[in-house]
Amino acid sequence: MIARSWDGITRAAQADEYTDYLRRTGVRDLSATTGNRGVYVFRRQEGDRARFRVLSLWDSMEGIRAFAGDDPERARYYPEDERFLDALDARVEHFDVVAEGGDRRGPGEAVALAEELRGLVDGEPWHGPALDALLAGVSAETAAARPIPGAHTLWEVALHLTGWTDAVRRRLDGETVDEPAAGDFPTPPSATERAWAEAKDGLRRAHERLVERVGSLSDADLDARASGRDYAVRFMVRGAIAHTAYHSGQIGLLRKLGG
């Protein structure tokens with residue numbers, strides 16, 4: 001087994017934002033590459049700076065090349081890394097894993113569920129384009145249009161998805177939530193580009209909060225009964241995944257019909 005190690009430094013004030021960015025870029029791609037056996041992100045605050053170390057484990061250099069390219073010793077960066085990092089070190093380090101101990105297991109079920117949820121927004125889900133791709137370039141006018149008489153608008157579906165995503169997260173926090181505070185299908189505000197941008201941002205933030213909360217669950221948490229429900233937390237989380245996939249399909253259809 002081979003360990004690949006990369007270090008980077010950001011401003012401490014950006015540490016949380018960069019952690020989330022890492023999850024959506026490097027961690028996602030590392031984990032999805034054939035031959036990867038785990039990814040770990042370490043963070044250490046040093047005054048007004050935060051030092052990151054990303055350690056990934058691999059079956060062989062073949063898998064590392066599939067992720068890094070023909071020169072596996074060269075670091076792989078993403079478009080916004082330059083905005084966060086003090087420097088873009090060109091090299092990474094590789095180590096042969098010559099000993100290991102304890103009961104090293106793969107990611108827990110909750111982590112896997114969180115990654116599945118995350119991929120629905122900015123990954124490559126099995127059912128079609130992710131939400132970010134579906135909503136990119138959609139105008140407020142298109143979002144507010146009703147191409148199917150009597151059916152919901154794309155904007156209404158987005159608000160519905162936001163509300164229920166947040167409701168699931170609140171249930172995980174122990175609240176008894178029967179319906180989102182704004183209702184099942186809230187009425188959108190006036191169709192301005194600013195209001196639509198805020199609606200899209202609200203959906204992404206609700207989804208990110210749910211992903212983070214799901215990722216923090218233990219196996220015992222997944223087995224427990226959901227707050228105010230007669231089913232387990234695991235069933236509720238899987239329902240949230242299916243709910244997002246279902247409405248993503250609706251959004252794709254409404255986008256196509258709305259031109």
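Computed from the coordinates by the stated procedures, all read-outs in this text should not be read as laboratory data. In this text the structure is predicted, and so the values were computed from the model without any measurement. Ideal geometry is used to build each Cβ from the backbone, glycine not excepted, and the neighbour counts take in all protein chains shown.
Per-residue 3J(HN,Hα) values for the stretch 19-28, derived from phi via the Karplus relation 6.51 cos²θ - 1.76 cosθ + 1.60 with θ = phi - 60°, read 4, 5, 4, 4, 4, 7, 10, x, 4, 4 Hz in sequence order (x marks Gly and Pro). Roughly how compact is the stretch 89-164, stated as its Cα Rg over 2.2 N^0.38 Å to two decimals? Here the answer is 1.83, to two decimals. For the stretch 128-203, treating each Cα as an identical point scatterer without solvent, what Debye log10 I(q)/I(0) comes out at q = 0.25 1/Å? Listed by q, the Debye log ratios stand at -1.19. Estimated at 0.36 nm per residue, the fully extended path between R91 and A13 surpasses their Cα-Cα distance by 25.5 nm. Compared with the dominant Cα axis of the chain, that is its longest principal axis, helix 109-122 is turned about 60°.
If R0 is taken as 22 Å, the Cβ-Cβ distance between R76 and D20 corresponds to a FRET efficiency of 0.75.
When you count the other C-beta atoms within 10 angstrom of each residue and take the mean per peptide, 212-222, 177-187 line up highest first as 212-222, 177-187. Extension gain, R83 to L257, is 58.9 nm, computed as 0.36 nm per intervening residue step minus the present C-alpha separation. Net length available on complete extension from S227 to T176 is 17.8 nm, with 0.36 nm assigned per residue and the Cα-Cα distance removed. Based on C-alpha pairs under 8 angstrom that are at least 6 apart in sequence, the stretch 126-259 has a relative contact order of 36 percent. Across the stretch 174-206, the residues whose backbone nitrogen lies under 11 Å from the label position 7 Å along the beta-carbon direction of S139 are 193. In the chain, helices alone account for a calculated mean residue ellipticity at 222 nm of -14000 deg cm²/dmol, with every DSSP H run of four or more residues adding -39,500 (n - 2.57). The shape of the stretch 41-191 comes out prolate: with a ≥ b ≥ c from the C-alpha gyration tensor, a/c is at least 1.5 and a/b beats b/c. Here, P(r) means the percent of Cα pairs in each 10 Å bin from 0 to the largest distance; for the chain it is 6, 25, 29, 24, 12, 3, 0. Annotation: peptides 135-146, 89-100, ranked by per-residue average of other Cβ atoms within 10 Å with the highest first, follow the order 135-146, 89-100. With bins 5 Å wide beginning at 0, the percent of Cα pairs of the stretch 109-257 falling in each bin runs 2, 10, 19, 22, 19, 14, 8, 4, 1, 0.
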